[in-house]
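Q: Quick one: the structure is below, and I'll ask about it shortly.
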Amino acid sequence: MKKLLLITILLTGSLFAQVKGNIEVPYIPYKVKMGKGFTTVQANCLTCHSFGYVLNMGKQPKSFWKGKIHKMVADFKAPITKKDQAIIANYLTEYYGNGKLK
Amino acid sequence: MKRRDFLKTSIAASAAILGTTELSADVHQARNYNNEISEVNFPEKARMIVHSDRPPLLESPMSTFTRGITENDKFFVRWHLPDIPQHYDPDKYTIEINGLVEKELKITLKELKTGFEQVEVAAVQQCGGNSRSSFSPITGGIQWGNGAMGCAKFKGVRLRDILNRAGLKKGASWVGFNGRETAAYYKTPDFVRELNMDELDDHVILAYEMNGEDLPYLNGYPIRLVIPGYYSDSWVKMLSHITVTNKYKHLFFMDKGYRIADNKCECETPDHLYKTTKPITIMNVKSIIGFPENGMKMYHNSEIVVRGVAWDDGAGISKVMVSTDNGKTWDEALLKQENGRYAYTEFRYAFKPAKYGKLTFMAKAINNLGAEQPLSKDIGWNRGGYKYNGIHEVTVEII
């Protein structure tokens, strides 16, 4: 009898408003490689998205990283100076490169 | 599992016409640079593969693809811009309908639920970049494995009914949709989608419920657009504005994102990019094996039931073929289709391994129009890494 009752309730009501109050999206502690140029990356590459975007690409050649930096500047209007772009390209090639230029 | 539960369709499939190029997709399939299930749980979500926290990019684990309906807590999450409002008062939430309409409307969530006919549609929601990491060489965009997809029963109101209530003015031909996510930097383009009126049919809905529950926050609570048959780039989340216009506006995410070579094979090479592109729109035929998973050890002489899902743009799946001899011979899997033509078709294939060592399962879906999935080596490359639908392969070890 009890069981039956439960089923009826489940059928008539659905599960609404499961979360009350503010939603907090957790922070992921990304294991980022520290090294020359990292502070420049930190200052320029983490405003619009997390470092997860970089890790998600896997190890890639220098031309790839240069292309991504260019895409950020040209398409998404990231305000990054030429000088910083070069520092970031070197950092990414050093720590997230695959040993190839192209 | 009862065999009679499964529907077998009998429409004969003809060979598909699909382009090939010298460039191909990775034979090893989805590289999944990161296929680890994260220890960090996101609001309302079970353990997921986490590609990014800001904006949240959460991929569903492969085990999800053994069932026709994906649970809300395992449903993938994909935002474009990092600023997502943290809270809504459902009593105050409104969407605005403006532009070339007779009367501008502001509809509250409550009015949406009570003032219009309520409809339900089960539909596959798949990112245009799902399985992107299978392309080689690497393409632009987030390198998803196979889990940027799910299938749910969405409940809501027809977009058509809402537009009719507002009344379309002469010349109304485009509808723009904007949600509440915003960029961190003011010059970054907003994520607005535009659809032509001709593309809208009665199956397009403004959904507030998913699998009998409120939409999970990260899936677009309280209202999102659902366009069955279409890649989900246009399924705008946290919908705030619907704007009717007579002209197509040139917006970044329409003009540069989610486009593919405008030729028959929808393919190109990195050195010879095709000069014109088109939006990705409707989904191609595809299937994914949810069980077993790559690298699993399976017991000799113990029956393996391969389980997976197949879908297309709504033409409907007619067959799923499975091969255990690297594509030399194909055997028909059992199908279960209970949620309509836009939903997943579940498939099952029982196999008793007699030999030890490596064993590869391949699954190929064929739809009612005769279109079938190409081998991964025959997939044409495109710069954005969209629409990957190569035959899925899973290799296990028989011990």
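The values are calculated or read from the model by the stated rules, or taken from the named source; none is laboratory data. As the structure is a computational prediction, the values presented were derived from the model and not from experiment. Note: ideal-geometry Cβ built from the backbone for every residue, glycine included; neighbour counts use all protein chains shown. Protein only, heavy atoms only, side chains kept; ligands, DNA and RNA dropped before computing areas. Shrake-Rupley method; radii C 1.70, N 1.55, O 1.52, S 1.80 Å.
Q: Of all residues in the range A:69-98 being over 13 Å from A:G37 (Cα atoms) and in contact (Cβ under 8 Å) with a residue 24 or more places away in the chain, which is nearest to the other protein chains (Cβ to nearest Cβ)?
A: Initially, the range A:69-98 is screened for residues over 13 Å from A:G37 (Cα atoms), giving A:69-82, A:97-98.
If we keep only those that are in contact (Cβ under 8 Å) with a residue 24 or more places away in the chain as well, we get A:72, A:76, A:78, A:80, A:97-98.
On the way: A:M72: 10, A:F76: 5, A:A78: 7, A:I80: 11, A:G97: 13, A:N98: 10 Å.
Among residues in the range A:69-98 that are over 13 Å from A:G37 (Cα atoms) and in contact (Cβ under 8 Å) with a residue 24 or more places away in the chain, the one nearest to the other protein chains (Cβ to nearest Cβ) is A:F76.
Q: Here's something else I'd like to know. Would you call B:I69 in contact with a Pro (Cβ under 7 Å, 6 or more places away or on another chain), closer than 25 Å to B:N211 by Cβ and either within 14 Å of chain A (Cβ to nearest Cβ) or modelled with pLDDT of 70 or more (or both)?
A: Details: in contact with a Pro (Cβ under 7 Å, 6 or more places away or on another chain): no; closer than 25 Å to B:N211 by Cβ: yes; either within 14 Å of chain A (Cβ to nearest Cβ) or modelled with pLDDT of 70 or more (or both): yes.
Spelling it out, it is not the case that B:I69 is in contact with a Pro (Cβ under 7 Å, 6 or more places away or on another chain), closer than 25 Å to B:N211 by Cβ and either within 14 Å of chain A (Cβ to nearest Cβ) or modelled with pLDDT of 70 or more (or both).
Q: Shifting gears a bit: Test B:T64 against the criterion of being more than 10 Å from every other protein chain (Cβ to nearest Cβ), in contact with a helix residue (DSSP H, G or I) (Cβ under 7 Å, 6 or more places away or on another chain) and in a loop (DSSP other than H, G, I, E, B), and give yes or no. Talk me through it step by step, then tell me what you get.
A: Working: more than 10 Å from every other protein chain (Cβ to nearest Cβ): yes; in contact with a helix residue (DSSP H, G or I) (Cβ under 7 Å, 6 or more places away or on another chain): yes; in a loop (DSSP other than H, G, I, E, B): no.
It is false that B:T64 is more than 10 Å from every other protein chain (Cβ to nearest Cβ), in contact with a helix residue (DSSP H, G or I) (Cβ under 7 Å, 6 or more places away or on another chain) and in a loop (DSSP other than H, G, I, E, B).
Q: Just to verify a result, which residue in the range B:90-141, among those that are in a loop (DSSP other than H, G, I, E, B) and at positive phi, is least open to solvent (accessible area, probe 1.4 Å)? Reasoning before the result, please.
A: As a first pass, look at the range B:90-141 and keep what is in a loop (DSSP other than H, G, I, E, B): B:90-93, B:100, B:102-104, B:115-118, B:127-131, B:136-141.
In the following step, the residues that additionally are at positive phi were identified as B:131, B:141.
On the way: B:S131: 0, B:G141: 22 Å².
Going through the qualifying residues, I end up with B:S131.
Q: Under the condition of being of a type in the set (D, E) and part of a helix (DSSP H, G or I), which residue from the range A:51-102 is most open to solvent (accessible area, probe 1.4 Å)? Explain how you work it out, then say what you get.
A: From the range A:51-102, those of a type in the set (D, E) are A:75, A:84, A:94; that's our starting set.
Checking the rest, the ones that are also part of a helix (DSSP H, G or I) come to A:84, A:94.
Numbers: A:D84: 39, A:E94: 132 Å².
By that ranking, first place goes to A:E94.
Q: Checking B:E22 against (1) open to solvent by less than 10 Å² (accessible area, probe 1.4 Å); (2) at pLDDT below 95, which single condition isn't satisfied?
A: So the condition that B:E22 fails would be (1).
Q: Hey, could you check the range B:33-53 for residues that are crowded, with 22+ Cβ neighbours inside 10 Å and within 11 Å of chain A (Cβ to nearest Cβ) and say which is nearest to B:Y208 (Cα to Cα)? Lay out the reasoning, then the answer.
A: Keep residues of the range B:33-53 that are crowded, with 22+ Cβ neighbours inside 10 Å, which gives B:42, B:45, B:48, B:50-53.
After this cut, where a residue has to be within 11 Å of chain A (Cβ to nearest Cβ) as well, the list is B:42, B:45, B:50-53.
On the way: B:F42: 20, B:K45: 18, B:V50: 25, B:H51: 26, B:S52: 25, B:D53: 24 Å.
That would be B:K45.
Q: Turning to a different aspect of this structure: I'm told B:T277 meets every condition in (1) among the β-branched types (V, I, T); (2) open to solvent by 30 Å² or more (accessible area, probe 1.4 Å); (3) modelled with pLDDT of 95 or more except one. Can you identify the failing condition by its number?
A: Here B:T277 clears every test but (3).
Q: Of the residues B:E293, B:E346, B:E338, which is touching a Lys or Arg at 6+ places or on another chain (Cβ under 6 Å) and more than 14 Å from B:Q373 (Cβ to Cβ)?
A: Details: B:E293 fails: touching a Lys or Arg at 6+ places or on another chain (Cβ under 6 Å); B:E338 fails: touching a Lys or Arg at 6+ places or on another chain (Cβ under 6 Å).
When all the criteria are applied, what remains is B:E346.
Q: Would you point out the residue of the range B:143-170, among those that are within 13 Å of chain A (Cβ to nearest Cβ) and open to solvent by 10 Å² or more (accessible area, probe 1.4 Å), that is farthest from B:I289 (Cα to Cα)?
A: For the range B:143-170, the residue satisfying everything is B:K155.
Q: B:D83 fails exactly one of the following numbered conditions: (1) on the phi > 0 side of the Ramachandran plot; (2) more than 21 Å from the chain's Cα centre (by Cα). What is the number of that condition?
A: (1)
Q: Can you tell which of B:D271, B:D313 is open to solvent by 40 Å² or more (accessible area, probe 1.4 Å), under 23 Å from B:I138 (Cβ atoms) and not small (G, A, S)? So that I can check it myself, show each step before the final result.
A: Details: B:D313 fails: under 23 Å from B:I138 (Cβ atoms).
B:D271 is the lone residue from the list that is open to solvent by 40 Å² or more (accessible area, probe 1.4 Å), under 23 Å from B:I138 (Cβ atoms) and not small (G, A, S).
Yes/no per residue for (1) surrounded by 20 or more Cβ atoms within 10 Å (Cβ to Cβ); (2) closer than 26 Å to B:G68 by Cβ; (3) at pLDDT 95 or above:
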site	(1), (2), (3)
B:T345	yes, yes, yes
B:F351	no, yes, yes
B:G357	no, no, yes
B:N368	no, yes, yes
B:Q373	yes, yes, yes
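Q: Among the residues of the range A:34-46, how many are within 14 Å of chain B (Cβ to nearest Cβ) and buried (at least 16 other Cβ atoms within 10 Å of the Cβ)?
A: Of the residues in that region, 3 qualify.
Q: Scan the range B:171-189 for residues that are part of a loop (DSSP other than H, G, I, E, B) and either within 14 Å of chain A (Cβ to nearest Cβ) or at pLDDT below 80 (or both) and jot them down.
A: Looking only at the range B:171-189, we keep the residues that are part of a loop (DSSP other than H, G, I, E, B), and these are B:171-173, B:180-181, B:183-189.
Matches in the range B:171-189: B:R180, B:E181, B:A183, B:A184, B:Y185, B:Y186, B:K187, B:T188, B:P189.
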